[in-house]
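A.B. asks: Can you keep this structure in mind? I'll have questions shortly.
The values are calculated or read from the model by the stated rules, or taken from the named source; none is laboratory data. The model shown is predicted, which means the values in this text are computed figures rather than measured ones. Glycine gets a Cβ as well: all are built from the backbone with ideal geometry, and neighbour counts include every protein chain shown.
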Amino acid sequence: MSIIVRPTGILKRTIPSGLELHDVPTVAAALAQLALPADMGVIALVNGRVAGPQTALHDGDELRLAPTISGG
């Protein structure tokens with residue numbers, strides 16, 4: 001089973017677009033495999049729908065990752 005990762009924004013600096021991940025059953029497992037910094041917040045979408053950490057991933061899914069934005 002493989003999924004395609006599509007990062008946006010600042011995440012493009014560390015994650016190549018079109019990266020394939022294999023054998024990741026959930027969004028949380030995919031994020032763990034990517035080893036993003038612990039303090040980096042991300043919003044995950046699976047096939048265009050907002051997804052939580054326990055959202056199941058299936059062969060051919062697209063996982064789009066967007067950084068959270070903060071400011072003041």
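A.B. asks: Answer yes if at least one residue in segment 51-65 is part of a loop (DSSP other than H, G, I, E, B), surrounded by fewer than 10 Cβ atoms within 10 Å (Cβ to Cβ) and modelled with pLDDT of 95 or more, and no otherwise.
C.D. replies: From segment 51-65, those part of a loop (DSSP other than H, G, I, E, B) are 52-55, 57-61; that's our starting set.
Next, from what is left, pick out any that are surrounded by fewer than 10 Cβ atoms within 10 Å (Cβ to Cβ): 59.
Add one more test, that the residue is modelled with pLDDT of 95 or more, and what stays is 59.
Looking for residues that are part of a loop (DSSP other than H, G, I, E, B), surrounded by fewer than 10 Cβ atoms within 10 Å (Cβ to Cβ) and modelled with pLDDT of 95 or more, one finds at least one in segment 51-65, hence yes.
A.B. asks: Determine if segment 19-37 includes at least one residue that is assigned to a strand (DSSP E or B), more than 19 Å from MET1 (Cβ to Cβ) and in contact (Cβ under 8 Å) with a residue 12 or more places away in the chain.
C.D. replies: There is no residue in segment 19-37 that is assigned to a strand (DSSP E or B), more than 19 Å from MET1 (Cβ to Cβ) and in contact (Cβ under 8 Å) with a residue 12 or more places away in the chain.
A.B. asks: Across segment 37-67, what is the number of residues that are among the basic types (Lys, Arg) and within 17 Å of GLY9 (Cβ to Cβ)?
C.D. replies: Kept after step one, since they are among the basic types (Lys, Arg), are these residues of segment 37-67: 49, 64.
Restricting the remaining residues to those that are within 17 Å of GLY9 (Cβ to Cβ) gives 64.
Residues meeting the conditions: 1.
A.B. asks: Same structure again: Does ALA56 count as within 18 Å of THR68 (Cα to Cα) and of a type in the set (Gly, Ala, Ser)?
C.D. replies: Working: within 18 Å of THR68 (Cα to Cα): no; of a type in the set (Gly, Ala, Ser): yes.
In short, no.
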